[in-house]
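Asker: Have a look at this one before I ask anything.
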Amino acid sequence: MIGVAALWIAALLLIGGFALDRVLTRSIVASFDNQLAFVLNSMITSSEIGPDGEVRFNRPPADQRFVEPYSGLYFQISGAGAETFPSRSLWDRRLRVVDTHTDVKPHLYDSDEFSARGHAEPLRIAERDAILPGSSVRWRFQVAQSRETIDDQIHYLRSTLFWSFLALGVGLLILAALQTFYGLWPLRRVRDDVAAIRSGDKIRIGHDFPAEIRPLTEEINQLLAHSEAQAEEARRHAGNLAHALKTPLTVITNAATAHSPDLVDTVCREAMVMRRQVDHHLARARAIGRRAAAQSRARVWDSLEAVERAVDRLYEGVTVDIAGDHQVQVRVERQDLDEMLGNLVENAAKYGGGRVFVTVESKGATVDILVEDDGPGIPEKSRGELFTRGARLDTTGKPGTGLGLAIVRDVAEIYGGSIHLEVSEDLGGLLARLTLPAG
């Protein structure tokens, strides 16, 4: 950042300094030229033709430097076939006259003609041609002044610009460095806090950070909280699975120790219970892993059609009707959505009277999936027991998928959804309202 700032500052200052130098230099030269042109025009207006045909002034030049030898300010009037009229300041020198062009207006240019004679005096010359009254000769009026004055001014100007812009550039660079150093200092504090969290000295990043850094620290803290929640979820599931398997194992052990005559039936029954519990917790673990890996999308209608085909094969006398938005999506892995909908629809087909009605309703940020049946329903006070950890919906011995309503609730909550049991107003049986985040 400091290097880029230095390059950018240097480029801008060079461009700005060059432009300013051009403007000010031209301004100095233009002011100098205006003075020369003024003197030249004044000299022409005060010139006249004398009795002998020579040029003379009707009033003496106002600037005394015209009479001081080598003063740096000179004039010269020359014409074809006429004697040249130089200023006394030229002394033994003469200005060069080029007859190849006619200067109707003041012509200004630089000349080093005096440098060839050892004086090394650069000149700025203004010249103009004029025909004076009473004469047919085209006279060349020339005013020359040493460039040392404007050269000194330009040199002083450029020196001032150089040191000023150098100081400005160094100051801006120091400011950019300080701004970068102190601006990024909170990130070093974030790094130190993360290192302290890793070593166990802290559990969260502090909140005393600038407003620009605070969103980053809040996201890191939320990530830490999410990781802790996942770790706690894993520990809780391990404990739940151990607790769920403990009772069947105890039953099998007691039956085997007592040499029970129905040992085979007991082992098969309890093995099914353990398998159901293992499937329950594995489904939750898969859902958590998928949710953490990516925000998946699944189309509800595709899952419902697949579940409908499976239920039609299992329950020939059951009719499943689906209605609602065909294109709506939810932020759930397709396999988890199939498991939740399959469990709900299969329960409705198993315990209902033969009709199952599924409705898909889009609610903006969420999607409601209503599964209704025409069965006897469940009393309101007993509905909460179906979601008890480890409880099974199947209490009559009927075959099922091996996943209870508890796993539907758990998987839905993992994705930020929920499930509620209500009374179906249309069919009179149970209504399961599954709410999931819209995709």
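The values are calculated or read from the model by the stated rules, or taken from the named source; none is laboratory data. A quick note: this is a predicted structure, and the numbers were derived from the prediction, not measured. So basically every Cβ, Gly included, is an ideal-geometry build from the backbone, and we count neighbours across all protein chains shown.
Asker: Could you tell me whether the stretch 278-294 includes any residue that is under 49 Å from the mean Cα position of the chain (by Cα) and at pLDDT 75 or above? Spell out how you get there, then give the answer.
Answerer: Going through the stretch 278-294, the residues under 49 Å from the mean Cα position of the chain (by Cα) turn out to be 278-294.
In the following step, the residues that additionally are at pLDDT 75 or above were identified as 278.
Yes, some residue in the stretch 278-294 is under 49 Å from the mean Cα position of the chain (by Cα) and at pLDDT 75 or above.
Asker: Additional query: In the stretch 154-163, is there at least one residue being of a type in the set (A, V, I, L, M, F, W, C), touching a residue at least 24 places away in the same chain (Cβ under 8 Å) and exposed (fewer than 13 other Cβ atoms within 10 Å of the Cβ)? Write out each step before concluding.
Answerer: Taking the stretch 154-163 first, the residues of a type in the set (A, V, I, L, M, F, W, C) are 154, 157, 161-163.
Okay, now just the ones that are also touching a residue at least 24 places away in the same chain (Cβ under 8 Å), so 154, 157, 161-162.
So of that shortlist, the ones also exposed (fewer than 13 other Cβ atoms within 10 Å of the Cβ) come out as 162.
Within the stretch 154-163, one or more residues are of a type in the set (A, V, I, L, M, F, W, C), touching a residue at least 24 places away in the same chain (Cβ under 8 Å) and exposed (fewer than 13 other Cβ atoms within 10 Å of the Cβ).
Asker: So for the stretch 375-384 (the condition being touching a Phe, Trp or Tyr at 6+ places or on another chain (Cβ under 6 Å) and either at pLDDT below 80 or surrounded by 17 or more Cβ atoms within 10 Å (Cβ to Cβ) (or both)), does at least one residue qualify? Working first, answer last.
Answerer: Restricting attention to the stretch 375-384, the residues satisfying the condition of being touching a Phe, Trp or Tyr at 6+ places or on another chain (Cβ under 6 Å) are 375.
If we keep only those that are either at pLDDT below 80 or surrounded by 17 or more Cβ atoms within 10 Å (Cβ to Cβ) (or both) too, we end up with 375.
Looking through the stretch 375-384, at least one residue is touching a Phe, Trp or Tyr at 6+ places or on another chain (Cβ under 6 Å) and either at pLDDT below 80 or surrounded by 17 or more Cβ atoms within 10 Å (Cβ to Cβ) (or both).
Asker: Do the conditions hold for residue 118, that is, is it in the same structural domain as residue 67 (by TED's automatic domain parsing) and at pLDDT below 85?
Answerer: Details: in the same structural domain as residue 67 (by TED's automatic domain parsing): yes; at pLDDT below 85: yes.
Yes, satisfied.
Asker: Let me ask you something else. Consider residue 209 against the criteria (1) aromatic (Phe, Trp, Tyr); (2) closer than 30 Å to residue 73 by Cβ; (3) not in a helix (DSSP H, G or I): it satisfies all of them except one. Which criterion is unmet?
Answerer: Condition (2) is where residue 209 drops out.
Per-residue answers, yes or no, for (1) hydrophobic (A, V, I, L, M, F, W, C); (2) farther than 30 Å from residue 173 by Cβ:
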| position | (1), (2) |
| --- | --- |
| 18 | yes, no |
| 30 | yes, yes |
| 33 | no, yes |
| 73 | yes, yes |
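Asker: Any residue in the stretch 190-209 that is free of Cβ contacts under 8 Å to residues at least 60 places away in the same chain and not assigned by TED's automatic domain parsing to the domain that holds residue 222 sitting within a Cβ distance under 7 Å of a residue that is among the polar types (S, T, N, Q) and surrounded by 10 or more Cβ atoms within 10 Å (Cβ to Cβ)? List the pairs, counting only those 6 or more apart or interchain.
Answerer: Taking only residues 6 or more apart or on different chains, the pairs are 190/217; 204/221; 205/217; 205/221; 209/217.
Asker: In the stretch 188-203, how many residues are surrounded by 14 or more Cβ atoms within 10 Å (Cβ to Cβ) and out of contact with any Ser or Thr (no Cβ under 7 Å at 6 or more places or on another chain)?
Answerer: Of the residues in the stretch 188-203, the ones surrounded by 14 or more Cβ atoms within 10 Å (Cβ to Cβ) are 189-190, 193-194, 196-197, 202.
Keeping just the survivors that are out of contact with any Ser or Thr (no Cβ under 7 Å at 6 or more places or on another chain) gives 189, 193-194, 196-197, 202.
Of the residues in that region, 6 qualify.
Asker: Answer yes or no: is there a residue in the stretch 251-259 that is modelled with pLDDT under 85, surrounded by 12 or more Cβ atoms within 10 Å (Cβ to Cβ), among the small types (Gly, Ala, Ser) and not assigned by TED's automatic domain parsing to the domain that holds residue 7.
Answerer: Yes, the stretch 251-259 contains a residue that is modelled with pLDDT under 85, surrounded by 12 or more Cβ atoms within 10 Å (Cβ to Cβ), among the small types (Gly, Ala, Ser) and not assigned by TED's automatic domain parsing to the domain that holds residue 7.
Asker: Right, something else. Does the stretch 260-278 contain at least one residue that is in contact (Cβ under 8 Å) with a residue 60 or more places away in the chain and among the charged types (D, E, K, R)? Working first, answer last.
Answerer: So in the stretch 260-278, the residues in contact (Cβ under 8 Å) with a residue 60 or more places away in the chain come out as 275-277.
In the following step, the residues that additionally are among the charged types (D, E, K, R) were identified as 275-276.
Looking for residues that are in contact (Cβ under 8 Å) with a residue 60 or more places away in the chain and among the charged types (D, E, K, R), one finds at least one in the stretch 260-278, hence yes.
Every residue, every condition in (1) part of a helix (DSSP H, G or I); (2) touching a Phe, Trp or Tyr at 6+ places or on another chain (Cβ under 7 Å); (3) surrounded by 13 or more Cβ atoms within 10 Å (Cβ to Cβ); (4) not aromatic (Phe, Trp, Tyr), yes or no:
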site	(1), (2), (3), (4)
23	yes, no, no, yes
31	yes, no, no, yes
53	no, no, yes, yes
70	no, yes, yes, no
100	no, no, no, yes
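Asker: If you don't mind, there's one more thing I want to ask. For the stretch 222-241, indicate whether the set of residues that are over 30 Å from residue 410 (Cα atoms) and either in contact with a Ser or Thr (Cβ under 6 Å, 6 or more places away or on another chain) or in contact (Cβ under 8 Å) with a residue 12 or more places away in the chain (or both) is non-empty. Steps first, please.
Answerer: Taking the stretch 222-241 and keeping what is over 30 Å from residue 410 (Cα atoms), we get none.
No: zero hits.
Asker: If residue 40 satisfies all but one of (1) more than 20 Å from residue 107 (Cβ to Cβ); (2) part of a helix (DSSP H, G or I), what's the number of the condition it fails?
Answerer: Exception for residue 40: condition (1).
Asker: Any idea how many residues of the stretch 55-68 are surrounded by 14 or more Cβ atoms within 10 Å (Cβ to Cβ) and either free of Cβ contacts under 8 Å to residues at least 12 places away in the same chain or outside the structural domain of residue 132 (by TED's automatic domain parsing) (or both)?
Answerer: 0
Asker: Give me the pairs: first residue in the stretch 20-39 and more than 20 Å from residue 74 (Cα to Cα) and outside the structural domain of residue 127 (by TED's automatic domain parsing), second residue modelled with pLDDT of 95 or more and of a type in the set (Asp, Glu), beta-carbon distance under 8 Å, and six or more apart or on different chains, which are they?
Answerer: Nothing qualifies.
Asker: How many residues does the stretch 325-377 contain that are closer than 24 Å to residue 429 by Cα, in a loop (DSSP other than H, G, I, E, B) and touching a Leu at 6+ places or on another chain (Cβ under 6 Å)?
Answerer: Selection size over the stretch 325-377: 2.
Asker: Across the stretch 346-372, what is the number of residues that are touching a helix residue (DSSP H, G or I) at 6+ places or on another chain (Cβ under 8 Å) and at pLDDT 90 or above? I'd like the intermediate steps shown before the answer.
Answerer: Taking the stretch 346-372 first, the residues touching a helix residue (DSSP H, G or I) at 6+ places or on another chain (Cβ under 8 Å) are 346-347, 349, 356, 358, 360, 367, 369, 371-372.
Those still in the list that are at pLDDT 90 or above too: 356, 358, 360, 367, 369, 371-372.
Count: 7.
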